[in-house]
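These notes are about the structure you will find just below.
Just so it is clear, none of the values below were taken in a lab; they were calculated from the coordinates. Everything numeric here is computed off the predicted structure, so don't read it as measured data. Positions of Cβ are backbone-derived with ideal geometry, glycine not excepted, and every protein chain shown enters the neighbour counts.
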Amino acid sequence: MAGDTDRAVQALNDVVRALLGQARAFREWGNEPALAGTWDALTMIARQWRHHPDFLEIWEWE
């Protein structure tokens, strides 16, 4: 089970890092619609963790 959890956490980390890279590029290029879409994806991922005690309220975008 720990192996599955480790792989899931690594996959989540990889997705967030990829989206962060996209967001930075879109911001640099001034592509606001693409940046907004990336932000929506990041906040959707964060909402999956909203019941965790370490969840930061700032990620609760509605």
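From Cα pairs below 8 angstrom and at least 6 apart in sequence, can you work out the relative contact order of the chain, rounded to a whole percent? This gives 22 percent for the chain. Computed from Cα atoms, the angle from the helix 32-47 axis to the main principal axis of the chain rounds to 20 degrees.
Using the Cβ of residue 14 as centre and a radius below 14 Å, the other residues enclosed give a net charge of +1, where K and R count +1 and D and E count -1.
Using 0.36 nm per residue and subtracting the Cα-Cα separation, the extra length available between residue 54 and residue 9 on full extension is 14.6 nm.
Helix 2-29 versus the longest principal axis of the chain: what angle, 0 to 90°, nearest 10, using Cα atoms? Long axis of 2-29 versus the principal axis of the chain: about 10 degrees.
Across all directions, the shadow cast by the convex hull of the chain built on its C-alpha atoms averages 4.9 square nanometres.
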